[in-house]
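J.: Quick one: the structure is below, and I'll ask about it shortly.
The values are calculated or read from the model by the stated rules, or taken from the named source; none is laboratory data. Note that the structure is predicted; figures quoted are calculated from it, not measured. For neighbour counting, all protein chains shown are included, and Cβ atoms are generated from backbone atoms with ideal geometry for every residue, glycine included.
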Amino acid sequence: MSSTKLTSNSAFKYAILAIAFIIVFIFADLVLDVEDAGLKSIILGFLILAGTFIAVIGLVKSIIGIREPNSIKKITALIINSVITILLGLLLLSTSIEVLKYLM
């Protein structure tokens, strides 16, 4: 087993882990009924932030392993990690635009 083979497998594992964090985030958002809204925000924020960082790491590993032979795992990991990373970028962009509106 070469190191490039391990790169695409680890990228796929990161993609699955990022999806798991997002599913737990959605489930916790629906189920969690806490009196303190700040605590709920912290818990949900941690889950989405962890899932996003994992997706970015997976995307980097996918890009590193881009020269590997094509496989379903490699392509799936690249798509999942790219979509999650792009969605985070768009979220940060829209949040920044909203903050700028209030500052001006």
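J.: Are there any pairs with C-beta distances below 6 angstrom linking a residue in the stretch 8-25 that is closer than 14 Å to K61 by Cα to a residue that is among the acidic types (D, E) and outside any helix (DSSP H, G or I), with the two at least 6 apart or on different chains, and if so which?
T.: Correct list of pairs: S8/E68.
J.: In addition: Just checking, which of I84, I54 is buried (at least 18 other Cβ atoms within 10 Å of the Cβ), among the hydrophobic types (A, V, I, L, M, F, W, C), in contact with a Phe, Trp or Tyr (Cβ under 8 Å, 6 or more places away or on another chain) and at pLDDT 90 or above?
T.: I54
J.: Give I79, I72, I64 a once-over and let me know the one that is surrounded by 10 or more Cβ atoms within 10 Å (Cβ to Cβ), more than 14 Å from I19 (Cβ to Cβ) and either among the hydroxyl-bearing types (S, T, Y) or modelled with pLDDT of 90 or more (or both).
T.: Testing whether each residue is surrounded by 10 or more Cβ atoms within 10 Å (Cβ to Cβ), more than 14 Å from I19 (Cβ to Cβ) and either among the hydroxyl-bearing types (S, T, Y) or modelled with pLDDT of 90 or more (or both) leaves just I64.
J.: Shifting gears a bit: Mind checking which residues of the stretch 53-67 are part of a helix (DSSP H, G or I) and either touching a helix residue (DSSP H, G or I) at 6+ places or on another chain (Cβ under 7 Å) or of a type in the set (K, R) (or both)?
T.: Answer for the stretch 53-67, where residues must be part of a helix (DSSP H, G or I) and either touching a helix residue (DSSP H, G or I) at 6+ places or on another chain (Cβ under 7 Å) or of a type in the set (K, R) (or both): I54, A55, V56, I57, G58, L59, K61, S62, I64.
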